[in-house]
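Just below is one structure, and these are the notes that go with it.
The values are calculated or read from the model by the stated rules, or taken from the named source; none is laboratory data. All values derive from a computational prediction rather than experimental measurement. Please note: Cβ atoms are built from the backbone with ideal geometry, for glycine as well, and neighbour counts cover all protein chains shown.
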Amino acid sequence: MDYEQIYEHHTGEYDALVSAEDCDGNLLPAIEAIAPLSGATVVEVGVGTGRITRLLLPRVGRIIGVERSAAMLAVARRHLLAMESASWELHCADARALPVPSGFADLAIAGWVFGHLRYWMPEDWKESIGAAIAELRRALKPGGAMILIETLGTGRETPAPPSMELEEYYRWLEGEQGMRRTSVRTDYLFPDVETAAKITGFFFGDGFAEQVRREAWTRVPECTGLWSARAQ
């Protein structure tokens, strides 16, 4: 699946997928267990269509969001404008050059972002992701929290890296980057099996859609990891 094409040209389908995830609302408490959110200043990398932004916005003081896809940012902006809050900014920028000063944020967060670089940049992914993580660390106040959110398996009930590439990436986060992992369930919920198959199949492929139909899933299991560290 060409995720870059999806992010540029199929933002509506992507937004329908992510809007169905975390049906039990487990993600926000997991984030808040790592970093207090009340009044916090947040830098978010990989805003996408604003899923994490919308989750955090009612709880925090201010969010500066960064996304390199203008098409995704347009959807995120529509969602955020509907929330009638002035405490956000969105920028079309790269994660490795954040448009914020050093020591700016209480929380720096990236949801389902850097795992893609493991595939898109197979020869120098450590350098690319390392540069982005260094930018997140730069943006943080002393004692601020960094959180990276990544998949630990779609269509499974037990958390585990879904590929050898991601397993290597996660080991690197926990080893060289000194990050701590926690996991939660963020299941998708759809009104019927065919809707579940259509929406998940568009992103995860025809084989996954057939699994959804075979299992008669309206609730599609998803395991999610949160990797966190504190700024010195």
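General remarks:
- Of the residues making up the range 188-228, those that are buried (at least 20 other Cβ atoms within 10 Å of the Cβ) and either charged (D, E, K, R) or out of contact with any helix residue (DSSP H, G or I) (no Cβ under 8 Å at 6 or more places or on another chain) (or both) number 2.
- When the range 171-220 is limited to residues that are among the acidic types (Asp, Glu) and over 21 Å from Gly111 (Cβ atoms), the one that is nearest to the chain's Cα centre (by Cα) turns out to be Glu176.
- Matching residues, the range 6-65, being among the acidic types (Asp, Glu), at pLDDT below 95 and closer than 26 Å to Ala131 by Cα: Glu8
- Among (1) in a loop (DSSP other than H, G, I, E, B); (2) farther than 30 Å from Ala145 by Cα, the one test that Val212 misses: (1)
- Among the residues of the range 187-200, not a single one is farther than 21 Å from Glu21 by Cα, in contact with a strand residue (DSSP E or B) (Cβ under 9 Å, 6 or more places away or on another chain) and modelled with pLDDT of 95 or more.
- Residues of the range 95-105 that turn out to be under 24 Å from Ala30 (Cβ atoms) and either crowded, with 23+ Cβ neighbours inside 10 Å or basic (Lys, Arg) (or both), as a count: 1
- Whenever a residue of the range 97-117 is farther than 18 Å from Gly61 by Cα, its partners that are of a type in the set (Ser, Thr, Tyr) and part of a strand (DSSP E or B), lying with C-beta atoms within less than 9 angstrom and at least six residues away or across chains, give the pairs Trp112/Thr151; Trp112/Thr224; Gly115/Thr151.
- Qualifying residues in the range 30-68 (those that are buried (at least 20 other Cβ atoms within 10 Å of the Cβ) and of a type in the set (D, E, K, R)) - the one nearest to Leu107 (Cα to Cα): Glu44
- Residue within the range 164-172 that is of a type in the set (Asp, Glu) and closer than 22 Å to Thr218 by Cβ present: no
- Just one of the listed residues (Ala139, Ala197) is among the hydrophobic types (A, V, I, L, M, F, W, C), closer than 27 Å to Thr11 by Cα and in contact with a Phe, Trp or Tyr (Cβ under 9 Å, 6 or more places away or on another chain), namely Ala197.
- For first residues located in the range 152-170 and without any contact (Cβ under 8 Å) to a residue 24 or more places away in the chain, partners that are part of a strand (DSSP E or B) and lie 6+ apart or on another chain with Cβ distances below 8 Å form the pairs Pro161/Leu152; Pro161/Gly153; Pro162/Thr151; Pro162/Leu152; Pro162/Gly153; Pro162/Thr154.
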